[in-house]
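Take a look at the structure below.
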Amino acid sequence: MHFLPQRSLALPLAALVLTLAVGARGGDVPDRWWAPGEGRVLPAVLDYENANGTLRTLTVGGPLKTAGHPFFEPLGKDGRACVTCHQPADAMGLSVESARRQWERTKGKDPLFAAYDGSNCPTLPQAKRESHSLLLDRGLIRIERPWPAKSFNGKPIKPDFTIEVVRDPNGCNSGPNYGPEAGKISVYRRPRPVANMKYLLAVGFPFDPKQGYALPLDPDDGKPQSGNLMADNRAGNLRIQMDDAAATHLQMLKALSPAQRKQLQDFELRIYTAMQVTKAGGAVDSGGAKAGPARLRDSEPGALGSIGEPVWSEFKGWENISADEAAKLTPEQLTFRQSVARGARVFREKMFLITDTAGINSRIGFGNPVRNSCVFCHNMSQMGNDVAPGQVDLGTTTLPFADPWDDLPLFKVTCTGRPHPHYGKVIYTYDPGFGLTSGKCADVGKITLQSMRGLSSRAPYFSNGLAKDLRGVVDYYERRYFIGYTEQEKQDLVNLMSAL
Amino acid sequence: MKRFALLAALCTATTAQAAQDTAGLVRFVACPVYRDTDAGRKSGCWLTDDRETGKRWDVTESPYKPDWNFAVLVEGKPSANTAQPCGAPPLDPVRTSRLDIPCTRHMIPAEGFPGRRYTLPRRNIAPASVARPVPPGPYAERTFPVYFEFDKDFLVYQYDDWLIDNAVTWIKAAKPKKLVITGFAATEPETVSGVVLAERPEAAQERAETIAETMRRLLPGLAVETKWEVAAKATDEPEADGLPWQSQRRAEIRAVF
């Protein structure tokens, strides 16, 4: 594969990153975009540049021939594969920058832009850029959920809320075929990274303290489920998730075969990704730091940082850099390393009041407010997701905490039983999140915490892309909780997150 | 830690009537005040004023803490510990149940009070990966209670999870034929601080079913029956911490052989 000339002046950064693309050695450098059915070999170690350094993806037992592999082959009528939205260069997710680049390179013909969910709504004229604005501007894929809600194992449930559409800027929540009255709700979400999966599947404790039950059991193997997949936790295990992905994103008419399921699951459990080298500070496993994908691959998943290895203590070695070590570094490298190490401490130690956040301030008995830090929710060692099932309402998709965006649908949720503990009887939301899976008004707006790895490769952040960059993430938390970070602390957090 | 449980057990087991005895205990409804102390994570203080006596109490040690937008039902015992890190005498043991009565949110500064540095409560469970010691036999019919917030069926973190974890460990070793789970609700109306309080009768069934679902998940394959009773009476089980009202709001897991 050769890459096509870049003509967009609007994307100088994309162009820069492009020229730095690193691929398999020898001959032509394959493009950083993995198109379906190319038949490339996925090397055991694969590096890609991003604005902050080098992301490394490890395939345990690799290299892997992707020819004929269900993650990489187009399986449905749209010509898409799983890899279309789960790109190695984007930490097995999809950056908005890559989506834009594919639009330019293919003049909108890439299967990524398939009408079903790669456009704002299939009813729109597909050749127009504006019909794909949510994907091109915010990195969002349309997700269609059944209404009334179905739980993670497909069981119908009786919701304790009603849902109405306040506005439908894209046409996918109204008309004869779309919207709650047609039995469908369209929400728009970021792809979540398909890597480091053992952490997302790990079970730390037998209970879900946010729901007040023991963990639900996996319908396939009868074991407790981690509850950490998908923004709305509609898939409790990888099998249910891949069946959902094949039927929707791939528009596959047949079911996946048992052999394909096995290959997909096997692959998902073998792939690890994280930053390996930071542009400003060098390798994240040097000078006493112990981060990077190999450590992730080799560590036990599911540990609670507060009783084991503190979250992001990978960077402890950069807290007090010896004079000898410092002499080997440029002043810029030294400053950056110190900043990352401080960022890890800020993440764990800078306390603030967490308020009106369902999943934390209710119904679990922590109280509203409760004083804690970033690590309260992002508490799993090595990964920064939640050890307990991580459904929490930060307000990213729900008013008044979400940003005012006129290009997303807005729903009015009315609780028919007990009112929501923080919003009351009526809730206005762009995406009810976990409420669409549990059917409970108390869960409306809850979004499952993601992995915090490979962030530099997959902006924007949060399930609806609310934060366009890492500074945007910190700014959101500052607005949401009046944290009072100093400028230095903000920069330290950004540098830390850029190195994960 | 162990000693505390044992002591509590001894005190409450002395007379059957002891649990009904509310002498020396306080119970009132109040809007909570959050004092913004900072001794690290989870170190904020919760204060509540008993309107009838005019006394302010530190209720921070409740396993289910207040929400500053709602009134709480406070139930507790003045602590023997005279230290006042939150600026008021503490109730301990204490419970604060969130009521559906709105309050004006009120936060006050630390005013020099240190708050309490967080320590892991006695009732906390080990990670799933840690093997539980097998409780010794002989095994015979036994009942395990779990407790709830007023009018709720929500499993309380670092309280009910611990009680259930212990029960499940015993049940796994004892291998009973089935479990009978009975939910109770304190449905007899009582007037507290001028507010008439009674749990909904449905709360009894909800508690039974919530705990039954959890037991089915933790002990797949074991037969589970549910029952419920209203007008619950207090018991003198030690893990209700000598608070008769807490003991009424319960479910019982009975292992039958």
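A short reminder: the numbers here are calculations on the coordinates, not readings from a lab. Since the structure is predicted, the reported quantities are computational estimates derived from the model, not experimental observations. A quick note on method: Cβ atoms are made from the backbone with ideal geometry, for glycine too, and the neighbour counts reach across all protein chains shown.
Calculated FRET efficiency, B:Glu52 and A:Val29, Cβ-Cβ r, R0 60 Å, to nearest 0.05?
Numbers: r = 79 Å, r/R0 = 1.32.
Calculated transfer efficiency: 0.15.
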Dipole of the range A:33-188 (Lys/Arg Cβ +1, Asp/Glu Cβ -1, origin at the Cα centre): which of A:Leu94, A:Asn120, A:Gly76 lies farthest to the positive side? A:Gly76
Check which residues have an amide H placed less than 5 Å from A:Gly445's amide H, if you skip close sequence neighbours. A:Gly433, A:Phe434, A:Gly435
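Do any trypsin sites (Lys or Arg not before Pro) in the range B:51-138 lie in a DSSP loop with no more than 15 other beta carbon atoms within 10 Å, and if so, which?
Working: sites: B:Arg51, B:Lys55, B:Arg56, B:Arg95, B:Arg98, B:Arg105, B:Arg116, B:Arg117, B:Arg122, B:Arg123; in loops: B:Arg51, B:Arg105, B:Arg116, B:Arg117, B:Arg122, B:Arg123.
Loop-located and lightly packed - B:Arg51, B:Arg117, B:Arg122.
Nearest 5 percent is fine: what portion of the DSSP beta bridges confined to chain B is antiparallel? Could the numbers behind the result be given before it?
Details: 34 of 45 bridges.
Counting DSSP beta bridges with both partners in chain B, the antiparallel share is about 75 percent.
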Could you sort the peptides B:243-252, B:178-187, B:22-31 by per-residue average Cβ neighbour count (10 Å cutoff), highest mean leading? B:243-252, B:178-187, B:22-31
Lysine pairs in the range A:87-191 8 or more apart or on different chains: how many have alpha carbons under 14 angstrom apart? 4
In the range A:41-146 the DSSP beta bridges are antiparallel at a rate, in percent to nearest 5, of 100
I'd like the FRET efficiency for B:His106 and A:Val426, computed as 1/(1 + (r/R0)^6) with the beta carbon distance as r and R0 of 30 Å, rounded to 0.05. 0.75
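Divide by every residue of chain A the summed helix terms, -39500 (n - 2.57) for each DSSP H run of at least 4, and state the resulting mean residue ellipticity at 222 nm, rounded to the nearest 500 deg cm²/dmol. Provide the component values of the computation, followed by the final result.
Details: 15 runs with 121 residues, N = 500.
That calculation yields -6500 deg cm²/dmol at 222 nm.
At 0.36 nm per residue, minus the direct Cα-Cα distance, what do B:Asp38 and B:Asn124 gain on full extension? Give it in nm, one decimal, please. Provide the component values of the computation, followed by the final result.
On the way: separation 86, 0.36 × 86 = 30.96 nm, distance 2.31 nm.
Length gained between B:Asp38 and B:Asn124: 28.6 nm.
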Going by a ≥ b ≥ c, the root eigenvalues of the Cα gyration tensor, does the range B:31-127 fall in the rounded group (a/c under 1.5), the prolate group (a/b larger than b/c) or the oblate group? rounded
Determine which lysines satisfy two conditions relative to B:Lys172: a Cα distance under 27 Å, and not lying fewer than 8 residues away in the same chain. A:Lys210, A:Lys223, B:Lys2, B:Lys227
Under the rule of at least 5 residues apart or a separate chain, name every residue whose amide H is placed under 5 Å from the amide H of B:Glu229. B:Gly183, B:Phe184, B:Ala185
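Taking only C-alpha pairs under 8 Å that are 6+ residues apart, what is the relative contact order of chain A in percent?
Values: 1077 pairs, mean separation 89.6, N = 500.
It comes to 18 percent, rounded to a whole number.
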In the range B:142-256 the DSSP beta bridges are antiparallel at a rate, in percent to nearest 5, of 70
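Working out 0.36 nm times the residue gap between A:Ser151 and A:Glu325, then minus their Cα-Cα distance, what length gain in nm do you get to one decimal? Before the final figure, lay out each step's value.
Values: separation 174, 0.36 × 174 = 62.64 nm, distance 5.39 nm.
Full extension of this stretch gives 57.2 nm more.
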Net charge over other residues, Cβ less than 13 angstrom from the Cβ of A:Lys490 (K, R count +1; D, E count -1): -2
Among B:Ala186, B:Ala204, B:Pro176, whose Cα projects farthest towards the positive end of the dipole of the range B:142-256, with charges put on the beta-carbon of Lys, Arg (+1) and Asp, Glu (-1)? B:Pro176
Tensor-based shape of the range B:119-174 (alpha-carbon gyration tensor, a/c under 1.5 rounded, otherwise prolate or oblate): oblate
Total charge dipole magnitude, the range B:26-109, about the Cα centre, Cβ charges on Lys, Arg, Asp, Glu only, Debye to nearest 20: 80
Place a point 7 Å from Cα of A:Ala127 in the direction of its Cβ. Which residues in the range A:72-107 have their backbone N less than 19 Å from it? A:103-107
Just to confirm the filter: which trypsin sites (Lys or Arg not before Pro) across the range A:57-141 are DSSP coil and have at most 14 other Cβ within 10 angstrom of their Cβ? A:Lys77, A:Lys107, A:Lys109, A:Lys128
How big is the dipole moment of the protein assembly as shown about its Cα centre under a simple scheme where the beta carbon of each Lys and Arg is +1, that of each Asp and Glu is -1, and everything else is neutral? Debye, nearest 20, please. 1260
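Taking every eigenvalue of the Cα gyration tensor of chain B, multiplying by 5 and rooting it, what semi-axes result, largest first, whole Å?
Values: eigenvalues 208, 89, 60 Å².
Largest first, chain B gives 32, 21, 17 Å.
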To the nearest 500 deg cm²/dmol, what mean residue ellipticity at 222 nm is calculated for chain B from DSSP H runs of n ≥ 4 alone, each contributing -39,500 (n - 2.57), summed and divided by the residues? -6000 deg cm²/dmol
Pairwise centroid distance, computed over Cα atoms, of the range A:106-181 with the range B:41-60, Å: 49
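What are the equivalent ellipsoid semi-axes of the range A:73-185, built from the alpha-carbon gyration tensor (square roots of five times its eigenvalues), in whole angstrom, biggest first?
Over the Cα atoms of the range A:73-185, the semi-axes work out to 28, 18, 12 Å.
Under the rule a/c < 1.5 gives rounded, and otherwise a/b versus b/c splits prolate from oblate, where does the range B:142-256 land using the Cα gyration tensor?
Details: a/c = 2.26, a/b = 1.84, b/c = 1.22.
Taking the square roots of the gyration eigenvalues as a ≥ b ≥ c, the range B:142-256 is prolate.
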Cα-based Rg of the protein assembly as shown per 2.2 N^0.38 Å, rounded to two decimals? 1.00
HN-Hα couplings for the range B:29-38 via Karplus (6.51, -1.76, 1.60; θ = phi - 60°), in whole Hz with x for Gly/Pro, come out as 10, 7, 7, x, 10, 9, 9, 7, 7, 9
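Kirkwood Rh and Cα-based Rg: tell me the resulting Rg over Rh for the range A:166-322, rounded to two decimals.
That ratio is 1.06, to two decimals.
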Can you check what the Kirkwood hydrodynamic radius comes to for the range A:49-106, Cα pairs only, in Å to one decimal? 13.0
Label points 7 Å out from Cα along the Cβ direction at A:Ala259 and A:Asp475: separation in nm? 5.2
